[in-house]
Amino acid sequence: MNSTGKLKSSSSELDLDRPNIEDYLPTGATIQQEPHGKLHLHDLLDISPTLSEAAGAIVDDSFTRCFKSNPPEPWNWNVYLFPLWCFGVVVRYLILFPARVLVLTIGWIIFLSSFIPVHFLLKGHDKLRRSIERSLVEMMCSFFVASWTGVVKYHGPRPSRRPKQVFVANHTSMIDFIVLEQMTAFAVIMQKHPGWVGLLQSTILESVGCIWFNRTEAKDREIVARKLRDHVQGADNNPLLIFPEGTCVNNHYTVMFKKGAFELGCTVCPVAIKYNKIFVDAFWNSRKQSFTKHLLQLMTSWAVVCDVWYLEPQNLKPGETAIEFAERVRDIISLRAGLKKVPWDGYLKYSRPSPKHRERKQQNFAESVLRRLEEK
């Protein structure tokens, strides 16, 4: 496909997700003519495509919707249900939460009292050490899931360690890694985090082969790409797990997949994750909430319910580019998890529009206004 074809395809995707402004105008607004030269909304929008585009963005901002946590509708609105809601708060915060903290504390005690001796005393027996550390990490992740009263259904065959394969999944929260890790000890590629999460990344999780990056460091891309190629070649390495969206999305949409995972020349195994919001919204908005607060939210909910599907492995087809391969895998994951595809780059969440882009929009608007004035 040539660049023109790709541009048309991208434009058509954008148009599908963009609302028709006429649908939001009053009935008959495009036909009725008011006396005395009154100006209608559709007349104003007809002045410039830029105004029409801006109004469309205000009416339906499909990019922002990908990263919004939609609060559940209130149900405790009458005298009959309010006491039940109060009883539920007491149970969740005064009974379930302390019990879950106790479970998590016991898990950490067992894990650390086993992991530290194994890590330092078995340094000369790498194969045995890695095997025990894998089992310990899986066990600790199971304690985390138990601390949320996690109800997780796994569909499909359990992943196995084989060279030249990579697992890719949609991304809702950092708990995606925990949910998948309790079943199989994956080596994950993930953004480097500060605080106690960063400490875990640099110590415990590195023992299972995890790879960390900093999206603000341009040099990290080349280093990470080299580490990925080396990792997938090893037969004894843990299966590699990548979240190609590069950011957390609210489990209603999937944004563009980065092509890095699809350029490794290996089999890609799609994993679809779908959370049920009946008890809690598992989406983590990292810009508004720390991971500690996110965990507290999960631990004070009734339960975390989700489904995980291990889907049929996919390989690059003859003549298929890495971008087309990524889109095909995204289609498979989106269809299985019931997610809507949107043509946005998730990294736009962390950046502001470039001055050149704003200036180009301003120039186009000025030229359209000048043309209208000249026609008059």
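The values are calculated or read from the model by the stated rules, or taken from the named source; none is laboratory data. The structure displayed is predicted, hence computed values, not measured ones. Counting neighbours? That spans all protein chains shown, and the Cβs are built from the backbone with ideal geometry, glycine included.
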Taking the condition of being surrounded by fewer than 21 Cβ atoms within 10 Å (Cβ to Cβ) and over 21 Å from Arg336 (Cα atoms), how many residues in segment 265-276 meet it?
1
Being more than 20 Å from Gly246 (Cα to Cα) and either modelled with pLDDT under 85 or outside any helix (DSSP H, G or I) (or both): is that true of Leu370 here?
yes
Within the set of pairs 6+ apart or on separate chains, which have a first residue in segment 158-183 that is within 17 Å of Lys274 (Cα to Cα), a second that is of a type in the set (D, E, K, R), and C-beta atoms under 7 Å apart?
Ala169/Asp176; Asn170/Glu245; His171/Glu245; Glu181/Glu138; Gln182/Glu138; Met183/Arg158
From Val118, Val145, Val152, Val101, grab the single residue that is in contact with an Asp or Glu (Cβ under 8 Å, 6 or more places away or on another chain) and under 22 Å from Ser173 (Cα atoms).
Val152
Based on this model, can you work out whether Glu245 counts as of a type outside the set (Phe, Trp, Tyr), touching a strand residue (DSSP E or B) at 6+ places or on another chain (Cβ under 8 Å) and not in a helix (DSSP H, G or I)?
yes
Could you count how many residues in segment 160-185 are aromatic (Phe, Trp, Tyr) and under 14 Å from Met140 (Cα atoms)?
1
Matching residues in segment 182-192 - criterion: being assigned to a loop (DSSP other than H, G, I, E, B) and not small (Gly, Ala, Ser)
Gln182, Met183, Thr184, Phe186, Lys192
Among the residues of segment 254-272, is there at least one that is farther than 22 Å from Lys192 by Cα, under 14 Å from the mean Cα position of the chain (by Cα) and aliphatic (A, V, I, L, M)?
yes
Just the residues that are closer than 22 Å to Leu96 by Cα and in a loop (DSSP other than H, G, I, E, B), please, taken from segment 142-181.
Trp148, Thr149
The residue that is modelled with the highest pLDDT, considering only those in segment 327-345 that are more than 16 Å from Ile273 (Cβ to Cβ) and of a type outside the set (Asp, Glu), is Arg328
Those residues that are crowded, with 20+ Cβ neighbours inside 10 Å and among the aliphatic types (A, V, I, L, M), I need them from segment 312-328; list them, please.
Ala326
Please indicate, with yes or no, whether at least one residue in segment 81-102 is at pLDDT below 85, surrounded by 12 or more Cβ atoms within 10 Å (Cβ to Cβ) and in a helix (DSSP H, G or I).
no
Exactly one of Arg162, Arg129, Arg134 is within 30 Å of Phe325 (Cα to Cα) and surrounded by 12 or more Cβ atoms within 10 Å (Cβ to Cβ), and that one is Arg162
Pick from segment 215-239, criterion in a loop (DSSP other than H, G, I, E, B) and exposed (fewer than 13 other Cβ atoms within 10 Å of the Cβ), ranking: modelled with the highest pLDDT
Asp236
Among (1) surrounded by fewer than 21 Cβ atoms within 10 Å (Cβ to Cβ); (2) closer than 22 Å to Arg328 by Cβ; (3) modelled with pLDDT of 90 or more, where does Ile242 come up short?
(1)
Keeping to segment 223-261, report how many residues are aromatic (Phe, Trp, Tyr) and farther than 16 Å from Phe177 by Cα.
2
Within segment 193-207, take every residue that is assigned to a loop (DSSP other than H, G, I, E, B) and free of Cβ contacts under 8 Å to residues at least 40 places away in the same chain and give me the one that is nearest to Arg229 (Cα to Cα).
Thr203
Inside segment 273-293, can you point out the residues that are β-branched (Val, Ile, Thr) and under 11 Å from the mean Cα position of the chain (by Cα)?
Ile273
